[in-house]
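Read-outs throughout are calculated quantities, based only on the coordinates presented, and are distinct from any laboratory measurement. Not measured: the values here are computed from a predicted model. Glycine also receives a Cβ, built like all others from the backbone with ideal geometry; neighbour counts cover every protein chain displayed.
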Amino acid sequence: MNILLVQPVTISSLLYMDKIFMHEPIALEYVGAALKDEHNVEIIDMRIESDLKSKLEQFKPQVVGFTGYTINVNTIIELSKLVKELNPTAKVVIGGHHATVCPHDFYVPTIDGIFIGEGVCTFKEYVKALQDNTDIALVDGMAFNNNGEFVRNKDREYPQLDEFRFPDRSLTEKYRDNYFMEDFKPLATMRTSRGCVFKCKFCTLWKLAGGKYYVRDPKCTVEELKQIKEPYVFFADDESFIDFRYMDALADEIMKAGIKKKYYAYVRSDTVIHNTDLIRKWASVGLAKVHMGIESHRESDLVNWNKRNSVENNVKAIRLAEEMGIEVTATFIINQDYDSDDFDGLRKFVANSNIKSSFFSVLTPLPGTDLYKEVEEQLILKNYDYFDMIHTVLPTKLSIRRFYTEYANLYIQSNKHNFKNKDASDYTKPIMIEMFTNLRKIGRDYKTVDE
């Protein structure tokens, strides 16, 4: 069978993010690896190659699979209509984050199947059922369109990570020079673990793996690393250093193999503090950057969001990472209850912490999170196009215009050192200006947003 796997185009409000990072569609590469021996599989990354219509006409797939987050829901549904217009008999399926936490959002006539949970094995069994003309109801881990009514099958147990083949990066060969993260380019993405034991209120990642944490065999991870040609590698883990024994063993295997690359990983600040020797060891292996979710300068926010961390830990971890020569990209969440003093307090926190790279998102209650359940009745917007982490979908204490003026100024003032630094990456200055302009525009135009 001809199977086309689709990474959807970035929604317009987040196009500037494609200038900050663009990761390879590793989930689709995993699926492609599982299917490629028995089928003709291709991937189209619409962030780079947007003409899906021509691809459909040329390749004539019998199955089209999409992946996506909450922000992609409406886009995927529209693309599914295009697929059916061109070929009504083609099967359209969807997997990924939002399909797992809210499969019912894809209960529409132009979608045939929804993969819930880890979709690699499910996709393979679904295609086999189509080929053999057997009962789709026997494929665990999915819902399917049964003549206009969706049927939810049994859930699938979460597989061990080493059961999967390595992601097939040959399927994205023509795109690979476009994948990057900040100044790490060209960049490969790989997975060393899955899941999280922490239960932050604003996050669903821990729920996707049932609150458990899965790791790979370190030797298996290194074998995949050996096959990666890019000099930069991003670990697309929910949090890479939760199992410190595993990461210690992985560092040993990388050193033993003589692999010389630079790595970028997610890490909690308390992990840095409690496992300083391990982080220092990884710095010697090649860990050059970490993405650290600082979230807030206010202790009350960390408590309310069940972060199980502290402002003190955040400050100390940033300093420790800097001493080790590891660059920190810090992310913060802007609460809707912010007033001008809170924005000013966050600006001072960033400046006093000597953070070189900082990004700010608006508190967004994503479907499937505990936060969403808590505030659902307060939502002022329910259109998923605005769940982009920059539009507020909750009421703000300040007027919308004032909130976004403060938000825009926060970006510029917190990153103003990059405007003076001649060594700052090429993308930094224009992106910060674009963010500033975009946020000011959102504030001015918010009253025209279609609710």
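For Ile43, the residues whose amide H sits under 5 Å from its own are Leu5, ignoring neighbours fewer than 5 places away on the same chain, with H placed 1.01 Å from N. Stretching the chain fully between Ser399 and Val303 yields a gain of 32.0 nm (0.36 nm per residue, less the alpha carbon separation). Quick check: from the Cα gyration tensor, does the range 1-87 come out rounded (a/c under 1.5), prolate or oblate? Cα axes put the range 1-87 in the oblate bin. Could you calculate the FRET efficiency of Thr437 with Ser50 from 1/(1 + (r/R0)^6), where r is the beta carbon distance between them and R0 is 35 Å, rounded to 0.05? For Thr437 and Ser50, the calculated efficiency is 0.90.
Sorted on the mean count of surrounding Cβ atoms within 10 Å across their residues, most packed first, peptides 81-88, 175-182 read 175-182, 81-88. With both labels modelled 7 Å from their Cα along Cα-to-Cβ, the Lys348 to Leu86 distance reads 5.7 nm.
For the range 111-120, backbone phi angles converted through the Karplus equation (6.51, -1.76, 1.60; θ = phi - 60°) give residue-by-residue couplings of 10, 9, x, 10, 8, 10, x, 5, x, 4 Hz, Gly and Pro being listed as x. For the chain, the mean residue ellipticity at 222 nm estimated from helices alone is -11000 deg cm²/dmol, where every DSSP H run of n ≥ 4 contributes -39500 (n - 2.57) and the total is divided by all residues, rounded to the nearest 500. Simple spin-label estimate for Phe59 and Gln378 gives 4.3 nm between the two label positions (7 Å along the Cα-to-Cβ direction from each Cα). Karplus-based coupling profile of the range 162-175, in residue order and whole Hz: 6, 6, 7, 5, 4, x, 8, 6, 5, 6, 10, 3, 6, 9, with θ = phi - 60° in 6.51 cos²θ - 1.76 cosθ + 1.60 and x standing for Gly or Pro.
In loop segments of the range 230-305 as defined by DSSP, the trypsin sites (Lys or Arg not before Pro) with at most 12 further C-beta atoms inside 10 Å of their C-beta are Lys260. Residue-wise HN-Hα couplings along the range 277-288, as the Karplus relation 6.51 cos²θ - 1.76 cosθ + 1.60 with θ = phi - 60° gives them from phi, are 5, 5, 5, 5, 4, 5, 4, 6, 6, x, 5, 9 Hz; Gly and Pro carry x. The long axis of helix 26-35 is offset from the longest Cα principal axis of the chain by roughly 20 degrees. Starting from the Cα gyration tensor of the range 179-448, take the square roots of the eigenvalues, sort them a ≥ b ≥ c, and report rounded, prolate or oblate (rounded when a/c is under 1.5, otherwise prolate if a/b is larger than b/c, else oblate). Cα axes put the range 179-448 in the prolate bin. Annotation: amide H of Val362 within the under-5 Å range of Ile334, Ile390, sequence separation 5 or more or interchain, hydrogens built in the peptide plane. For the chain, the longest principal axis of the C-alpha atoms and the axis of helix 244-257 are separated by about 80°. Where both bridge residues fall in the chain, DSSP classifies roughly 25% of the beta bridges as antiparallel. If you take the square roots of the eigenvalues of the alpha-carbon gyration tensor of the range 1-160 and sort them as a ≥ b ≥ c, do you get rounded (a/c under 1.5), prolate (a/b over b/c) or oblate? Verdict is rounded for the range 1-160. For the chain, the longest principal axis of the C-alpha atoms and the axis of helix 340-352 are separated by about 80°.
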